[in-house]
Each structure stands twice: as structure tokens, then as C-alpha cells.
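Working notes, structure below.
What follows draws every value from the coordinates through simple rules; no lab data is involved. Everything numeric in this text was worked out from a predicted model, so none of it was measured. A quick note on method: Cβ atoms are made from the backbone with ideal geometry, for glycine too, and the neighbour counts reach across all protein chains shown.
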Amino acid sequence: MSKVAFVGVGRMGANMARHLQFDCGHDITAVYDVNKEVSAEIAAELGAKDCTTLAEVTEAAEIIFTVVTNDNAMRAIFLGDGDNLLVDSSGKTFINCATLSPGIHKEVYAAGKAVDADVLEGAMASSISQAREGSLFLMIGGDEGVFNTHKEILDQLSVNLSLCGEIGKAAEVKALVNMVMNINTAGLAEGLGLACALGIDIDLICNIFSQTGANSRVLETDAEDMRDRDHECWFSAEHAAKDSGIAQDIANGLGVSLPVNDATKAQYDKMVSEGLGELDKSGIAELTFPGRHSS
């Protein structure tokens, strides 16, 4: 089994690490997080080293998973001056599991190639419980040979692997996935909000939606939370705004118009600006149900 390390041990990274060690027998040798309280807790649970430098992480493992929040964080851990993950990284493999721009994945891939390190994208769909169970849906980008070398550990994390193509392609596919998911969530919030304003029973309309063209995966996962105002965070509104923005940037670069995505991003940006960014994406209903929003 492999020596594995994790950079970014929030809810997703920590549960991936737990699964690989407790269920699959890998040795989680090192963890790193900017939140030292979080990293200390998971390090103690796994018996791993709670690293104070990124170079220590690379030294301690053969495969390093990264689960960071945005392009700037990715750039800092791989391309930062002085301490970074690519210090003495020849022969190591980095699997980057976050929804980021295709461009930053390409930058990190090129930097890894320059020092004889392998880099894969492992864009994730699904959520915290799937991370712990090893039932994520992983979209992989990178060299096919590197993918094949590490297919076993990727299979252990995923119910169904998809090799999307060269580096950057998985990020493009994930941007499309989250763009459509966010649009569906915003559309559902508006539909249920209007139903509420009309005095239509929410359970009734959800049942009708489920049997018609208004059905969607989001109806299954978010409708009840929208009704009950239960927005415990599984995928935050802040992340939804970021990911819709990635799709927006990709489209702008191609000269493609995405007016529905633009409107959806504006709604999630509004949540963030009003201090609601830490709510689950279902919290967009707070903007659409009558009596819930002041403006």
C-alpha cells in the first residue's frame, strides 16, 4: 500500500484520508492545513505527521492529494517562493482534488514536469459522506500513463472514474457540472418561492415537479431544505459563486454567452455579499421565498 499525504484536511480531505487509511489500508503519513487546529486533530486521529512546511509533506509521502479552496491557494502551495510542495519532489505524484480553473491546473502540471513530478487532476463530484465511503465521482485529467499507474487508489475513492483528457479537461468538465447544478438549484428556489407566494403547498408542488419536466437531482437533495430553511452546509453558496464564475470565465474566453449562468452567479454573489456565503447552496431560497429577504 502507498504512503499518502493530504494538503487541505477540511471535511472533504479529512474524510478521503480516513477512507484510504481505515478502509483501504494505505498509510496516511502526513497532513497539512492552514487551519492548524484542524490539521492537528486529523493528524492525531490518523497517526500522521502534522507538517509545518509543505516540503515536509512531499518528503513524507509517495502520493500527495491536495484539496484546496481556490486558484490562489493552489498557486501558493505549488508555486510559492521558498517552501512549496515541489521542493525535492522528483518521482512523487500529486493528485489535485478541487474545483479550480483549468489554467492553474496547467501551471502546476508544467511546474511538476520541470522537476520530474507527476500531476493529475481529480475533480470531485459528490459530497462529504461520499468522501468517507469512497463513493465519489472523480473526473481525472492528465497523462493516461500516470492515470493507469494510480488507477487503483483512484478507484478506491470513486464509484466511477472518468478520464476526461489532458490536464485541464477535468476542470472544464467539473465547471460544467457545477454550472448546471447551480442553475438547477437557483431555478428550483425560484419555482418553490413562487409556489409559496401563490399559496401552493410545497410538498404538493414538489411531488408534481418530480413527475414532470421540472424534475431534477436538485429537487431530491435540496427541496426539503429550502422548505424547512435547513441550510447546513454541504456545498457552500460561496463555493457555488466561485464555480459559476469559473464557468463564466471559460465562456468569456471562448466568446460564448451564458446568460442563465450569469444570472445564477449574480444570485450566489448576492448571498456572499450579504453574509450568507457559508450557508449551503440551498440557502439561495432565502432570496426567493416571500418574507425571507429584506430587499
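Count Lys and Arg as plus one, Asp and Glu as minus one, and take only other residues whose Cβ is under 9 Å from that of Arg292; the net charge is then 0.
The HN-Hα couplings worked out from phi for segment 42-55 by the Karplus form 6.51 cos²θ - 1.76 cosθ + 1.60 (θ = phi - 60°) are 6, 4, 5, 5, 8, x, 9, 7, 8, 6, 9, 10, 6, 4 Hz, whole numbers, x standing for Gly and Pro. Across segment 67-73, rounded Karplus estimates of 3J(HN,Hα) from the backbone phi angles (6.51 cos²θ - 1.76 cosθ + 1.60, θ = phi - 60°) give 9, 10, 8, 7, 4, 5, 5 Hz, Gly and Pro being marked x. Within the shell defined by Cβ-Cβ distances under 15 Å, the residues around Met179 carry a net charge of 0, with Lys and Arg each +1 and Asp and Glu each -1. Legend: residue pairs Lys242/Lys270; Lys3/Lys49; Lys49/Lys281; Lys49/Lys151; Lys151/Lys174, Cα-Cα distance threshold 22 Å; pairs beyond threshold, Lys49/Lys281; Lys49/Lys151.
Remark: segment 248-262, residue by residue, has Karplus-estimated 3J(HN,Hα) of 4, 5, 4, 5, 4, x, 9, x, 9, 8, 10, x, 5, 4, 4 Hz, where x stands for each Gly or Pro and the curve is 6.51 cos²θ - 1.76 cosθ + 1.60 at θ = phi - 60°. Straight-line cross-link partners of Lys92 among the aspartates and glutamates, defined as a Cα under 15 Å from its Cα and at least 8 positions apart when in the same chain: Glu56, Glu59, Glu62, Asp116, Asp118, Glu121, Asp143.
Cross-link reach is defined here as a Cα-Cα straight distance under 17 Å, omitting same-chain residues fewer than 8 places apart; for Lys169 the lysines meeting it are Lys106. The ranking of Asp27, Asp222 from fewest to most other beta carbons within 10 Å of each one's beta carbon is Asp27, Asp222. Summed over qualifying helices (DSSP H, 4 residues or more, each -39500 (n - 2.57)) and divided by its residue number, the chain shows a 222 nm mean residue ellipticity of -15500 deg cm²/dmol.
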